[in-house]
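Read-outs throughout are calculated quantities, based only on the coordinates presented, and are distinct from any laboratory measurement. From a predicted model like this one, the values you see are computed outputs, not experimental measurements. So basically every Cβ, Gly included, is an ideal-geometry build from the backbone, and we count neighbours across all protein chains shown.
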Amino acid sequence: MLALPHTIRHALPMRLVTWNINSLRLRMPLLEKLTTALLPDVVCLQETKVTDALFPLESVRALGFEHLHYKGMKGYNGVAILSRLPLSPVVDTPTWYAQEDCRHVAATVHAPGGDITLHDFYVPAGGDEPDPETNPKFAHKLAFVDEATQWFAQQKSARTVLVGDLNIAPLEHDVWNHRQLLKIVSHTPPETQRLTQWQQTGFVDAMRRFVPPTDKLYTWWSYRNKDWRKSNRGRRLDHIWVTPDLVPELASMSVLEEARDWPSPSDHVPVVMDIQPQS
DNA sequence: ATGGTGGACACTCCA
């Protein structure tokens, strides 16, 4: 038998992925590709577009995710937490905007380094016209973020991670052209100010701990550009926020841009975060 | 200036 060095064994990092997959059933092969390549411990999906009754349970379990918490509806929206680590679903979450449209699930992940509470969000996209008076989708988006802000302001959050497609690119370099996108839904001041308020209820922008705000950082490229990489008109719509107590545990982050070139890709790419418990 | 692409579902919604 090998002699182990007389040191405290370090807990392995927890690898977390967030990804707007834009139809789970259509892109099961891509979820398998992601899982094989990266061996994530926890995957948070948005836009699963599948009812709970039709959720591809056995295929997801076969990838090693035995612990699941998901909420879906027919055709639209839908969120899912897939985990190799045990989960305790959080059940007392609000019904946002007085309608259950499957945009939020939460669970406690029983990770080796300690429990982590995880929130998975899909914020309404908000339509085209950035005017809440004329565009009910934009009004919904603003109200959703306001409600989330109020709810998290009342929570005492520790060891909490909030991820998802928040459909807002808050910083100047979260979009390919700041001045041009100030009038485009996802980067208008009413949205970016609200997202900042929400974040300030107790979270840190974990992705920007790894890439300074002066550098461009995108997670989404429209299907409508012929050559997404050449035009590179991206936006950072997907986010990972953590409570300050987890900042020392943030070990690495990557945006899996190559996934935008996978066969029949989502228009969003996965964001990967390794969380390394302190020894 | 406007339409460009893609998914779901059932002919039109949503992103």
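If I filter segment A:67-88 for residues that are farther than 30 Å from A:Gln154 by Cβ, in a loop (DSSP other than H, G, I, E, B), more than 16 Å from DNA strand B (Cβ to nearest atom) and free of Cβ contacts under 8 Å to residues at least 40 places away in the same chain, do I get at least one hit?
no
Per-residue answers, yes or no, for (1) touching a Gly at 6+ places or on another chain (Cβ under 7 Å); (2) away from DNA strand B (no atom under 11 Å from the Cβ); (3) charged (D, E, K, R):
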residue: A:Thr214; (1), (2), (3): no, yes, no
residue: A:Lys226; (1), (2), (3): no, no, yes
residue: A:Ile240; (1), (2), (3): no, yes, no
residue: A:Pro265; (1), (2), (3): no, no, no
residue: A:His268; (1), (2), (3): no, no, no
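I'd like the residue in segment A:133-184 that is crowded, with 16+ Cβ neighbours inside 10 Å and free of Cβ contacts under 8 Å to residues at least 12 places away in the same chain and, out of all such residues, is farthest from DNA strand B (Cβ to nearest atom).
If we take residues in segment A:133-184 being crowded, with 16+ Cβ neighbours inside 10 Å and free of Cβ contacts under 8 Å to residues at least 12 places away in the same chain, then A:Ala139 is farthest from DNA strand B (Cβ to nearest atom).
Just the residues that are of a type in the set (Val, Ile, Thr) and under 20 Å from the mean Cα position of the chain (by Cα), please, taken from segment A:128-180.
A:Val145, A:Thr149, A:Thr160, A:Val161, A:Val163, A:Ile168, A:Val175
Looking at A:Pro56, A:Pro94, A:Pro86, A:Pro29, can you tell me which residue is surrounded by fewer than 14 Cβ atoms within 10 Å (Cβ to Cβ), touching a helix residue (DSSP H, G or I) at 6+ places or on another chain (Cβ under 8 Å) and of a type outside the set (D, E, K, R)?
Going through A:Pro56, A:Pro94, A:Pro86, A:Pro29 in turn, the sole match is A:Pro94.
Do we have A:Ala107 as outside any strand (DSSP E or B) and out of contact with any helix residue (DSSP H, G or I) (no Cβ under 8 Å at 6 or more places or on another chain) here?
Answer is no for this residue.
Scan segment A:154-210 for residues that are at positive phi and part of a helix (DSSP H, G or I) and jot them down.
none
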